[in-house]
Amino acid sequence: QAHTSQEDWSPDVTPSLWAKVGDPTEEFPEWSQPIGSHDAYMLGDKVSCNGQHWVSTADNNVWQPGVYGWEVID
């Protein structure tokens, strides 16, 4: 049976029902602002931000790289 009762519940209309999933093969995915504890960065997570590569130095990190909780790496 096709599920069509909420076919208009797209991410832009109901963002709380959707989660962004990154490419697990990408070593330094682009940083994005966490919206809660469920998507905060954990200790050792790697990201790319403002042309640099960063590693998180804290669990539950919601700060932008360069502000707090991140170390730039080469």
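The values are calculated or read from the model by the stated rules, or taken from the named source; none is laboratory data. None of the values given here were measured: they were computed from a predicted structure. Quick reminder, even Gly has a Cβ in these numbers, built from the backbone with ideal geometry, and neighbours come from all protein chains shown.
Key figures for this structure:
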read-out: Which listed residue is within 14 Å of the chain's Cα centre (by Cα), part of a loop (DSSP other than H, G, I, E, B) and among the acidic types (Asp, Glu), from 23, 12; value: 23
read-out: Checking residue 10 against (1) of a type outside the set (Phe, Trp, Tyr); (2) closer than 27 Å to residue 73 by Cβ; (3) surrounded by 11 or more Cβ atoms within 10 Å (Cβ to Cβ), the condition it does not meet; value: (2)
read-out: Scope region 29-46; condition among the hydrophobic types (A, V, I, L, M, F, W, C), in contact with an Asp or Glu (Cβ under 7 Å, 6 or more places away or on another chain) and surrounded by 12 or more Cβ atoms within 10 Å (Cβ to Cβ); matching residues; value: 43
read-out: Members of region 37-56 that are modelled with pLDDT under 95 and assigned to a strand (DSSP E or B); value: none
read-out: Residue identified as more than 26 Å from residue 17 (Cβ to Cβ), of a type outside the set (Gly, Ala, Ser), within 14 Å of the chain's Cα centre (by Cα) and assigned to a loop (DSSP other than H, G, I, E, B) among 65, 34; value: 65
read-out: Residue 59 vs. criteria surrounded by 10 or more Cβ atoms within 10 Å (Cβ to Cβ), in a loop (DSSP other than H, G, I, E, B) and of a type in the set (Asp, Glu); value: yes
